[in-house]
Structures are given as structure tokens and as C-alpha cells.
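To keep things clear, I will list the structure first and then write my remarks on it.
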Amino acid sequence: MRIDRRRTARGALAGAAAAAIWALQQPLDKRVFGSRYDDVELLGRFVTGERGGWFAPGLALHVQNGALFGAVYAQLSPSLPGPPAARGAALALAEHVALWPLGRLSDRHHPGRAKLPVLTGSRRAFWQAVWRHALFGVLLGELEHRLNGPPPPPAVEPEPDDPLQQYVSRNGHGDLERAAVGRG
């Protein structure tokens, strides 16, 4: 698979924007779900520990993670079925379900764990994260699609004008099996 750098950069931009919107809406979803789980705080306190000043590094890491996810998504999206919003949401939700068990590690070993809510066994935090990943995925899918456009159609070789061309292989040396048997 050939990597298209422009497509990757646009996917990273879409992922960064979707992650920023995710971060901006977190105060609202914390109220709705009744959970103080905050991804920006989780990432920021990884850098700062239990002291304050976690917002700026947390937001930077969160947006960076969104950009990385968006860059990978941009390369995968042409081969995924369905509309852009569904493709993005499916991939983001798959990532969430796959990585959610790592919350146990965070609960035990995170440098700022004393200031963070416990994730293990929290249904509210799990469903809050489902909402966030679905939102991120829908935004990513739509933004990436608008920035990159539809994937290019697969290359199809035109039918040869010369009927004898069917007996010549692409390497220019001919197709012995077709020539000997006369299959077309």
C-alpha cells in the first residue's frame, strides 16, 4: 500500500480538530453521565502527576493523539466499507473497546492516580467514553472525507484496441498459455 502524504496530513488535521471538539465538550458530558472522568486530565496528569497545571499538556497530548489516529484513519478509510461517519465511528469505537481494559493499569500505576477517578468497573465512565469515541469518529470521518474527498477509483486498464494485444503480457514478452491454447 502506497502512503499518500497529503492524504495523511489532511487526516491528521481532521483528527486534531475532532479531538479538540471532544475536549471542548467534556464538561457537558461529565454532567450528563455523572462522571468526572476527563481524558485531558488523565493525559495531563501523566505529565504533571498530582500537582496542578495539567490542562495545557493534557490538551496538547489529546490533540496529538487525535492527529495520529486521523493520519492512520486517512490511509485506511478508502478500504473500509460504509459512509465516512460510520467508518470513523466504527474504528474509534473499536479502539475504545480494545483499550478500555488498560484503565486497570491507569488505576494502579498512573502518576496522578490519587486525583483521578477510578475507571475499573465504572459503567458511567465506560459509556461516557463510548459517547466521546463515537463523537470523535463521526467528526473524524466527515472532516477527513471533506478534506480528502472520495477515495480514487481503482486503476482499470483499458481494453486493447488491437485484438492480438490479448496475447501479449504486460511485460512485453507475450502470454504463452493464451497463444498456445488460443484462449481469449
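The values are calculated or read from the model by the stated rules, or taken from the named source; none is laboratory data. Keep in mind it's a predicted model, so treat the numbers as computed, not measured. Cβ atoms come from the backbone with ideal geometry, glycine included; neighbour counts cover every protein chain shown.
Can you name every residue in segment 32-52 that is at pLDDT 95 or above, surrounded by fewer than 21 Cβ atoms within 10 Å (Cβ to Cβ) and not in a helix (DSSP H, G or I)?
Within segment 32-52, 34, 35, 36 qualify.
Conditions: (1) of a type in the set (Gly, Ala, Ser); (2) more than 12 Å from residue 140 (Cα to Cα); (3) in a helix (DSSP H, G or I); (4) in contact (Cβ under 8 Å) with a residue 40 or more places away in the chain. Residue 71 meets all but one. Number of the miss?
If we test residue 71 against (1) of a type in the set (Gly, Ala, Ser); (2) more than 12 Å from residue 140 (Cα to Cα); (3) in a helix (DSSP H, G or I); (4) in contact (Cβ under 8 Å) with a residue 40 or more places away in the chain, just (2) comes out false.
Suppose we filter segment 102-150 for residues that are under 16 Å from residue 39 (Cβ atoms) and in a helix (DSSP H, G or I); how many remain?
Number of matching residues: 23.
Given (1) closer than 15 Å to residue 117 by Cα; (2) free of Cβ contacts under 8 Å to residues at least 24 places away in the same chain, identify the lone condition not met by residue 49.
Result: residue 49 fails condition (2) only.
Scan segment 1-12 and report the pairs whose first residue is in contact (Cβ under 8 Å) with a residue 24 or more places away in the chain and whose second residue is outside any loop (DSSP other than H, G, I, E, B) and of a type in the set (D, E, K, R), with Cβ atoms within less than 7 Å and a gap of 6+ or a chain change.
Going by the 7 Å Cβ cut-off, the qualifying pairs are 10/144; 11/144.
Go through segment 108-134 and give me each residue that's under 23 Å from residue 8 (Cα atoms) and surrounded by fewer than 18 Cβ atoms within 10 Å (Cβ to Cβ).
134
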